[in-house]
Amino acid sequence: MEFKKPNHIEIIKSKKSNFVNTFLEKMRIERTSASNLAHVDFENLTFGSVFTDHMFVCKYKNEKWQEPEVIPYQPLSFEPSMSVLHYGQSVFEGMKAYKDDEDKVWLFRPDQNFKRINRSSERLQIPVFPENYFFEGLKTLLNLDKDWIKPGIGNSLYVRPFVFSSQACVQASPSKEYTFIIICCPVKAYYGGEVNVLIAEEFSRAADGGIGYTKAAGNYGAQFYPTALAQKQGYQQIVWTDAKSHEFLEEAGTMNIFFRIGDILLTAPTNDRILDGVTRKSVIQIARDSGIEVEVRPIKIGEIVKASENNSLKEMFGSGTAVVINPIKSFGYKGVNYKLPELENPFATQLKDNIMSIQYNLTEDPYGWRVAVD
Ligand SMILES: Cc1ncc(COP(=O)(O)O)c(C=O)c1O
């Protein structure tokens, strides 16, 4: 697969600086000479549609990852036989970079995303990516595109690492060539407004022994049709249930799900159908450390309906990198819409504030989750 090279690229040699280590001297950097930054309306960003000036690219061929490079964001060109288009060997990650009031850039638990993309890759028979390539690539890219990260709570840079099979070959077997890319887009809050969810009764997202726990592209594509049907009924998201009985609540589109019954927070255990969310595990830890009782156990829809009917269901919320924590207003099940009460000081707000204070360097980070990009 080739990259189309626009004419405006100026090739520079990588230099040593405070964030550059020996590895970077081997990484080629092409800095754009035509930054798009001045043309972006940061007040009116549509999630995931505006991209920064540069991207990180690394190719796998001859059974090894080649030297990575950071180049201007640009279109790719490929043959119609490119393997990923036919067999879907493609996985991705989603993480964010934050800027504090002193212009310092931070990542939140990036080690988790690194481990997870390789877990996903292994399941899709994609070669795992080297740790130093990932972190040096990320740092180089974020330093080059630092001005795209705006300070202020809610502003961040969404970082999208992804890897796909890029060999020109339609044989139904693992590709011999892969491409690993990181692109970034400036974002404000992900979902605005209300989130009403529909509990899945017919469609399934994942099966036992399948790829539900990975961030495989196909897991997302397969949700679009049932979600479009749910949207026609006025629901923004589907809460997926187990494929066998449709009784156990699992997760939503790009969020893990929490329920508050009385003062106890409940969430499903992760398994081979559910994504092991970084935000989910952070919420569990912070909640427990704040004195909130958290139960990680299978949750039946019947229990939630009953709790809603006897008014002990206080909150439902989703957790994920894009949304951080997104309160759920209502859920639909078997043709009935169950509304959540409006609380004065919900757990969702307290937990979101706590996590964001760590992410934006507004508070101590007792967990060591915040990682400086320098
Ligand atoms: C299916 C699914 N569940 C849960 C999450 C939340 O995971 P995280 O908190 O790591 O973003 C995501 C988003 O990445 C997701 O795609």
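The values are calculated or read from the model by the stated rules, or taken from the named source; none is laboratory data. All figures in this text were calculated on a predicted structure; none of them were measured in a lab. Using ideal geometry, Cβ is built from the backbone for each residue, glycine included, and neighbour counts are taken over all protein chains shown.
Quick one: which of S77, S81, S120 is under 29 Å from V170 (Cα atoms) and within 14 Å of the ligand (Cβ to nearest atom)? Show your work before the answer.
On the way: S77 fails: within 14 Å of the ligand (Cβ to nearest atom); S81 fails: within 14 Å of the ligand (Cβ to nearest atom).
Testing whether each residue is under 29 Å from V170 (Cα atoms) and within 14 Å of the ligand (Cβ to nearest atom) leaves just S120.
Tell me which of these P269 doesn't satisfy, since it passes every other one: (1) surrounded by fewer than 17 Cβ atoms within 10 Å (Cβ to Cβ); (2) within 16 Å of the ligand (Cβ to nearest atom); (3) closer than 24 Å to T46 by Cα; (4) not aliphatic (A, V, I, L, M).
Result: P269 passes all but (3).
One residue is enough: does segment 292-310 have a residue meeting the conditions in the same structural domain as F258 (by TED's automatic domain parsing) and at positive phi?
Taking every residue of segment 292-310 in turn, none turns out to be in the same structural domain as F258 (by TED's automatic domain parsing) and at positive phi.
Of the residues in segment 327-349, how many are within 16 Å of I286 (Cβ to Cβ) and in contact with a strand residue (DSSP E or B) (Cβ under 9 Å, 6 or more places away or on another chain)?
4
From (1) more than 16 Å from the ligand (Cβ to nearest atom); (2) under 23 Å from the mean Cα position of the chain (by Cα); (3) of a type in the set (D, E, K, R), pick out the condition that doesn't hold for K306.
That leaves (2) as the condition not met.
Could you pull out the residue among G318, G302, G291, G332 that is exposed (fewer than 14 other Cβ atoms within 10 Å of the Cβ) and not in a loop (DSSP other than H, G, I, E, B)?
Numbers: G318 fails: exposed (fewer than 14 other Cβ atoms within 10 Å of the Cβ); G291 fails: not in a loop (DSSP other than H, G, I, E, B); G332 fails: exposed (fewer than 14 other Cβ atoms within 10 Å of the Cβ).
G302 is the lone residue from the list that is exposed (fewer than 14 other Cβ atoms within 10 Å of the Cβ) and not in a loop (DSSP other than H, G, I, E, B).
Just need a number here: residues in segment 158-208 that are in contact with a strand residue (DSSP E or B) (Cβ under 7 Å, 6 or more places away or on another chain), hydroxyl-bearing (S, T, Y) and within 14 Å of the ligand (Cβ to nearest atom).
So the count comes out to 2.
Restricting to segment 209-260, what's the tally of residues that are more than 15 Å from the ligand (Cβ to nearest atom), surrounded by 20 or more Cβ atoms within 10 Å (Cβ to Cβ) and either free of Cβ contacts under 8 Å to residues at least 24 places away in the same chain or in a loop (DSSP other than H, G, I, E, B) (or both)?
Result for segment 209-260: 1.
Any chance segment 272-284 includes a residue that's more than 25 Å from R116 (Cα to Cα) and crowded, with 20+ Cβ neighbours inside 10 Å?
No: zero hits.
I'd like the full set of residues that are away from the ligand (no atom under 16 Å from the Cβ) and out of contact with any strand residue (DSSP E or B) (no Cβ under 8 Å at 6 or more places or on another chain), limited to segment 283-302.
Selection gives D289, S290, G291, G302.
Condition first: more than 25 Å from F114 (Cβ to Cβ) and touching a Lys or Arg at 6+ places or on another chain (Cβ under 8 Å). Now tell me which residues in segment 239-257 satisfy that.
Within segment 239-257, W240, D242, A243, E247, F248, L249 meet the criteria.
I'd like to verify a number: residues in segment 58-103 that are surrounded by 17 or more Cβ atoms within 10 Å (Cβ to Cβ) and free of Cβ contacts under 8 Å to residues at least 40 places away in the same chain, how many?
0
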